[in-house]
Amino acid sequence: MLAKLLSLSLLAVASLCAQDAATAPALPAAGSDAARAMVDQAFAKMLAYGRGMFSSTESHDLAFARQAGLPIGGGDTELSGGWHRDLVFGKWAGQTFVRGNGRVASKKGDRWHLASDRLGGGTKLPFTADPLLLFTVLSQLPPAQRKVVHVDGGKLRERDVAILTLQLSGDEANEFDDHGVAPAASGGFGDVVVFGGLAGAPEPPRADLTTYIACFVDAQNGDLLRLAVRTTSSGGMGGFQIAVGGVFGNNNDTDEEGDDADGAEQEKEKEKEQGAGQGAAVGWKAGFPVAKPGQQESVMTFRLDFTKLGLADLPAIDDAVKPLIGAR
């Protein structure tokens, strides 16, 4: 009798698993038009909603800090907020803020404070997403840059999601970085250390960037539940540029002929000592390739989780402040 019951139970479990597999939405293939269409539809829906809530997490792994053993960039910066048309709002350092028209209005106690990028008391506002700008920029990427390089399935907040990843490299990644819709990979330290005057100096060399954009799309209704950006940079303070009187160099020693072969060999030996596989992808996880950054590479990871799409309301704003920030 017990064996019969066990057999029936196993059959029931197998039947349920088969039903789940049959009802699970099929994932589009990486590189396909269907995958790009899913991403395009998700971006278009975010623009159409026009408002919503988000929570963001920003983290940095800075090469120069890692090499020097400095406790810089290890912690996460977390912020909760939302957007309503072209206004962004949230709460940071105990103050409610609304940003619009290039100004920030923040409420500290009973008083509203106006500034460009600071809260009352002088606290600098950390990087805050602007979803209207972000999804406008993403929607206007050339078709080749909206090609999905990796597709995976998963669960997010108990919902089936398709995880679709875009990849930008070289000039494409630098151009995306120039829009300022995600934090800079340098963690705010910049790519150039300047000594002396730079009047009439040429534009400094650009950092070598690779950016992955992972889109977590609800497999049932096409809503974007999460957007994650990861940028790896060989510039910044990990391999900082030095400008003296308008002449650019770097922090890697070379001989008079510019031959850095010995330095390259030393670098390889250091990497061997620290473990093989540094900088090489060994798989994918949560929309990003799994890889240990190289010694000269800084990594920025930025995650946005979205809720209340099309439903978020602005906080109460002082009437005297509204016209200055463009609020109605």
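Suppose we keep only residues that are modelled with pLDDT of 90 or more and assigned to a loop (DSSP other than H, G, I, E, B) within the stretch 93-116. Which one would you say is farthest from residue 52 (Cα to Cα)? Going through the qualifying residues, I end up with 116.
Does residue 33 meet the test of being surrounded by fewer than 14 Cβ atoms within 10 Å (Cβ to Cβ) and at pLDDT 90 or above? Steps first, please.
Working: surrounded by fewer than 14 Cβ atoms within 10 Å (Cβ to Cβ): yes; at pLDDT 90 or above: yes.
Yes.
Inclusion of residue 258 among residues that are part of a strand (DSSP E or B), modelled with pLDDT under 50, out of contact with any Phe, Trp or Tyr (no Cβ under 7 Å at 6 or more places or on another chain) and loosely packed, with under 14 Cβ neighbours inside 10 Å is not warranted.
Quick grid of which residues meet (1) touching a residue at least 60 places away in the same chain (Cβ under 8 Å); (2) aromatic (Phe, Trp, Tyr):
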{"residue": "78", "(1), (2)": "no, no"}
{"residue": "83", "(1), (2)": "yes, yes"}
{"residue": "118", "(1), (2)": "no, no"}
{"residue": "130", "(1), (2)": "no, no"}
{"residue": "134", "(1), (2)": "yes, no"}
{"residue": "145", "(1), (2)": "no, no"}
{"residue": "163", "(1), (2)": "yes, no"}
{"residue": "166", "(1), (2)": "yes, no"}
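Among the conditions (1) modelled with pLDDT under 90; (2) in a strand (DSSP E or B), residue 305 misses just one, which is (1). Considering each residue of the stretch 150-168 in turn, at least one proves to be in contact with a helix residue (DSSP H, G or I) (Cβ under 9 Å, 6 or more places away or on another chain) and more than 21 Å from residue 221 (Cα to Cα).
Of all residues in the stretch 128-148, those that are in a loop (DSSP other than H, G, I, E, B) and farther than 29 Å from residue 106 by Cβ total 4.
I'm trying to understand the selection: among the residues of the stretch 290-322, which are polar (S, T, N, Q), surrounded by fewer than 18 Cβ atoms within 10 Å (Cβ to Cβ) and closer than 28 Å to residue 156 by Cβ? Walk me through it before giving the result.
So the first thing to find is which residues in the stretch 290-322 are polar (S, T, N, Q), and the list is 295-296, 298, 301, 307.
Narrowing the set further to residues that are surrounded by fewer than 18 Cβ atoms within 10 Å (Cβ to Cβ) leaves 295, 307.
Answer for the stretch 290-322, where residues must be polar (S, T, N, Q), surrounded by fewer than 18 Cβ atoms within 10 Å (Cβ to Cβ) and closer than 28 Å to residue 156 by Cβ: just 307.
Over 30 Å from residue 234 (Cβ atoms) and either at pLDDT below 95 or of a type in the set (Ser, Thr, Tyr) (or both): is that true of residue 87 in this structure? For residue 87, the condition - over 30 Å from residue 234 (Cβ atoms) and either at pLDDT below 95 or of a type in the set (Ser, Thr, Tyr) (or both) - is not met. Residues of the stretch 75-110 that are under 30 Å from residue 65 (Cα atoms) and of a type in the set (A, V, I, L, M, F, W, C): 79, 92, 93. Checking the structure you have, find out if any residue of the stretch 149-167 is buried (at least 16 other Cβ atoms within 10 Å of the Cβ), touching a strand residue (DSSP E or B) at 6+ places or on another chain (Cβ under 9 Å), modelled with pLDDT of 90 or more and not in a strand (DSSP E or B). No, every residue in the stretch 149-167 fails to be buried (at least 16 other Cβ atoms within 10 Å of the Cβ), touching a strand residue (DSSP E or B) at 6+ places or on another chain (Cβ under 9 Å), modelled with pLDDT of 90 or more and not in a strand (DSSP E or B).
The values are calculated or read from the model by the stated rules, or taken from the named source; none is laboratory data. Remember, predicted model here, so these are calculated numbers, not experimental data. In this analysis, Cβ positions are derived from the backbone assuming ideal geometry, glycine residues included, and neighbour counts consider all displayed protein chains.
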